[in-house]
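I have placed the structure first, in the form of structure tokens, so that the comments after it can refer back to it.
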Amino acid sequence: MKIKFYRSSKLFVKFFISYLILLCFSLTIFGVVYTKFEKDKIDYFYKYNISMLEQSKHIINNYISEVELLVENFESNSVIHSLCNGTRSLDDFKNNNYIDLTRILYEVKARTEIVDNVYLYITGKEMVLSSTGVLSAKQFYNTNDQYKKMEYSDFLANYLNDFHYKKFWGTGISGKLGRSYITYSQSLPRENYQNSEYKLFVQLNPEWFSNVLNPVAGANDALMMIVNKNGEIIYKNNKETKINTKSLVGHLFKSSDVIELTDTKEMITYTKSKEDNGWIYIVAVSKKEFLSEITQFKYLILLLSAGYLIFGVFLSQLLLKKNYRPIKLMIDKLSKNADAKNDYLDEMDFIHSVVDELAASNKDMKNVITKQSEQMKSDALWDIISNNVSSENINSMIKKFDFVFSHDNYAVVVVSAGDIENYSDDEKSVIYYAINNMADELVSTLYVYEKLIDTSGNMVFIVNVDDDNEDAFIEDTKFVCTLLSDVMTKEFSIGVDISISSLRKGIESLSNSYNEAIAALAANSGKITDYRDIQNNRSLKMIADIEEYIDAHYMNNNLSNTVIADEFNITGQYLSVLFKKYKKENLQNYIARVRVEYAKELLKNNKYTVFQIANMVGYSNDIGFIRVFKKLEGITPGKFRQMHSNK
């Protein structure tokens, strides 16, 4: 059969486009992953450097605090203090070649490993005292290569003869020195440092600073600097840079802790010290160098993506031909069941239409099978409660229909709608539907059960109970049934009659349970009837009839359980249990009491002998009579007669 499509071969094109979209999507993912990877690496670089700089800053601040404390202790030395305030003059120490002062400088140097050397400069004499001897200013300049980056005249004017207060100055690293030097200078006395004659120079051990700062820079082969707030370099490693520190400082004080320089393309991380020195700790790395590995990786990804794209287009065509072939075969097969008169937009429209028709047909078939299955299940339950199946076949039926019975205690609850004869079939269906749903919801809270509709239109619930406590079962079931009755009356204005059988052992007892529930329903003693209620009424009437029978036949010496049971068509055992239950004494004792009561009336009259009276009340001889009389009254018949004849 030839099927007509409005847009033939459109599905083929759609498949091809979808494969290309999927291909581009995967390439987009590659791009997103790379961008995320690059961003995460840069973010990690900044976060790592900021963390390391903060740690380094705290350590170096501790070093500076230690140096300042050292200077403070030096100034507080009694000899230095007297020298600075003019109490003593420098000439007082000249005779011993300033040994007292050099010893103090040596002691200061020896107090901490941070200090490389300590010098005391005397302004007026252009003389420098060290821990090892006396130097002229020129000798001091010549013996310290770190100061030779400037002319001697500049060094003399700006460093030696200028007034300093907690001033740090550094050299950075030069090829000749191989390491960076930091010098701390303080004019003494500090409280009048602008008019001082003395200046203390503390050369700091560069190894201590390098050990702290090099790990920060070494991780990324970066430039590491410390600059003061004027842009002067305090410390710098051997990494070359084109950064103008003076212009950079002004920019740093206006920005956050991460910037990227547009002119030098360097990524800068820095942290500012909150101490008096106002130092800025800077790590700078070339973005190009930092991202070199990532850039290589990016080019590799682009190359692979290009290859992937070419391969993907080729693979898409192969997959397209392979995956479209089953659709073509499906269309050919479905065409046998399709209506050739219909026009379809494309292949998928055709497949959807045919599949929808098949699904609708399948759904109808399932509904028919479900209804038949439910009917067969109801028929099986009806056979069980109607006792139409042998006990041998019950277990096979339970397995076949997958009944939910898992306990050994069974009962039957019958629910009958009230007077609904005048209702239409649709209204009756709604009523049964409401009763069914409400009963399902309520009964399922307590028990597992199966249900069916009997031949009289009653809803029959076969309840499977795990506990053999009949009183608890009846109480719980009556509570649920009361809720059902109240809801149906309130919401639908329909009264329902409900009956409950007794609780019995074994599924074979369901026939008896169903008969009990139907009997209770027929008794109509109330909206909710317990079979035990009508059973009690029947039992009480039977007890009354038995008592009446005994009153009429007590004089028969053959009167016994068997005689009475035969009279009422029950077993002697059932008679004994029934009588004991309701009269709280056994039947033989009751007969004896009746006979003794009649005998007591006869004994009050001397007309009859004890033997005659024994025969009159059902005893064949007076011996048995006397024994029973004394047991019940506590005295013999003769004594009883004697007591009452004297009155």
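The values are calculated or read from the model by the stated rules, or taken from the named source; none is laboratory data. What you see is a predicted model, and the numbers here were worked out from it, not measured in a lab. Cβ atoms come from the backbone with ideal geometry, glycine included; neighbour counts cover every protein chain shown. In case anyone asks, the SASA skips ligands and DNA or RNA and just uses the protein heavy atoms, side chains included. Shrake-Rupley method; radii C 1.70, N 1.55, O 1.52, S 1.80 Å.
At a glance:
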item	result
Too-long pairs where the Cα-Cα distance tops 20 Å, listed order kept, from 138/239; 94/167; 236/272; 167/274	138/239; 94/167
Ranking by accessible area, most exposed first, for 641, 538 with a 1.4 Å probe	538, 641
Residues of type aspartates and glutamates that residue 366 reaches as a straight line, Cα spacing below 19 Å, ignoring anything fewer than 8 places off in the same chain	356, 357, 374, 402
Stokes-Einstein D in µm²/s, Kirkwood radius over Cα pairs - the range 511-615 at 25 °C with 0.890 mPa s viscosity	153
C-alpha center-to-center spacing [the range 41-66, the range 496-530] in angstrom	88
Shape category assigned to the range 375-492 from the gyration tensor of Cα positions, a/c cut at 1.5	oblate
Accessible surface of residue 38 - all protein chains present, 1.4 Å probe, nearest 10 Å²	50
With all protein chains modelled, accessible area of residue 620 [1.4 Å, Å²]	80
Euclidean distance between Cα centres, the range 595-632 to the range 380-411, Å	59
Accessible area, probe 1.4 Å, largest first, for residues 631, 527, 41	631, 527, 41
Environment charge at residue 462 (Cβ cut-off 10 Å; Lys +1, Arg +1, Asp -1, Glu -1)	0
Surface accessible to a 1.4 Å probe, residue 563 within the full protein complex, Å²	50
